[in-house]
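Right, one structure below, let's go through it.
Derivation of every value follows stated rules applied to the coordinates shown; laboratory data play no part. Just so you know, these numbers come straight off a predicted model, no measurement behind them. Here Cβ is always computed from backbone atoms with ideal geometry, including for glycine, and neighbour counts include all displayed protein chains.
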């Protein structure tokens, strides 16, 4: 189901015509007996509109087999939306454009810049995708991929949280394409969803950038988590605290802080003050907690029975074990939790490559560097 064809020798892009122009062309083809030639295989075709209202060309019954004959309406609709977005961004764009060893679902160009957009609705191995991307690069074409089912090898780093996501590769811009029940398309990026057309326009405007690290400079809204931890010396189970290390980068990406930062947050002054306030509440006063004080020259949590200091690694090991169990049993493991605001004295940088897409007025993680 091509979007591009030749009508009486003149190239026509279906998505470039209004509904009125499309109907007028269809009537003219019928009245004048104009020839519709499909560029994919050279067979004769005709103009039609599918049940979603997408204008396209189709093979006439009995035409020789062609790989585009089995194209899904979703694949066709996504290509149509990309073409419209490219043209709205002042790029020329067309579909099924061939080159040296490649053929782009959509090719957009402006001046010397050429960008190939690929919509992968069916399964495609990652190595095949990489091979085709190399072909584009050899021909001076930038490639951008939208996958309905992204390759498992690109599942995102566990330091990033916030829903289905992918690892970012500068050499292979590849994004998760989602179709709704009524075939409206969106792209998932960093836990947010963008309409496909809006995403393509942001991409062409240079508003989506590859950054090698996530940068947080603003005050963080964190949670203090309370849970039981056995004393390594006497075995007494008392309540300790840790801080949820989910940080929000300036672009909106949520990442887990490095272990060193998680250890430092255990005894941050803002956390200590919030904990002291919580312990005088009805809920907090009922918990068996040791004192937060200096032990052996360092601030620590300790066992209320034998006063043995807990090492940060012991507290965080139990915390992460509970996090894993809590994902399966909601938050039943937590004995208490409360918010705390954490102003950052210095910028926090976490080495997480990602495609940076801040909200309007927001900052890029790699801005100025």
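Assorted remarks:
- For region 216-349, the equivalent ellipsoid derived from the alpha-carbon gyration tensor has semi-axes of 24, 17, 15 Å in decreasing order.
- Over every Cα atom in the chain, the radius of gyration and the widest Cα-Cα span, Dmax, amount to 28.2, 97 Å.
- Crossing angle, helix 312-328 versus the chain [Cα axis fit, 0-90 degrees, rounded to tens]: 50
- Compared with the direct C-alpha span, the chain from residue 212 to residue 264 gains 16.3 nm at full extension, assuming 0.36 nm per residue.
- Gyration tensor (alpha-carbon) shape descriptor, region 116-209, a/c threshold 1.5: rounded
- Full-stretch length increase - residue 92, residue 198 - with 0.36 nm per residue and alpha-carbon distance subtracted: 36.5 nm
- Segment residue 31-residue 234, extension gain: residue separation times 0.36 nm, minus the distance between their alpha carbons: 63.7 nm
- Cβ-derived FRET efficiency at R0 56 Å, residue 299 paired with residue 182, nearest 0.05: 0.50
- Candidates 216, 309, 116, ranked by Gaussian network fluctuation over the chain, Cα under 10 Å, top entry: 309
- Two-decimal Rg/Rh across region 98-143, once Rg and the Kirkwood Rh are taken from alpha-carbon atoms: 0.96
- In the elastic network of the chain, a GNM with C-alpha springs shorter than 10 Å, the most mobile of 314, 223, 188 is 314.
- Working note: Debye formula, equal point scatterers on the alpha-carbon atoms of region 1-67, no solvent; log10 I(q)/I(0) at q = 0.14, 0.18, 0.22 Å⁻¹ is -0.36, -0.61, -0.91.
- Region 165-237: C-alpha gyration tensor shape, a/c 1.5 cut-off, then a/b vs b/c: prolate
- Counting neighbouring Cβ atoms within 10 Å and putting the fewest first, the residues 112, 60 line up as 112, 60.
- Estimated from helical segments only, the mean residue ellipticity of the chain at 222 nm is -7500 deg cm²/dmol, where each DSSP H run of four or more residues counts as -39500 (n - 2.57).
- Label-to-label distance, nm, for residues given as residue 219 and residue 109 (7 Å Cα→Cβ offset): 5.3
- Across 13, 107, 52, mean-square fluctuation computed from a Gaussian network of the chain (C-alpha pairs under 10 Å connected) peaks at 52.
- Size of region 232-283 as Cα extents on the principal axes (Å, biggest first): 43, 28, 18
- Shown for 224, 10: other C-beta atoms within 10 Å of each C-beta, ranked fewest to most, produce the order 10, 224.
- Fewest-first sequence of 225, 299 by Cβ atoms within 10 Å of each Cβ: 299, 225
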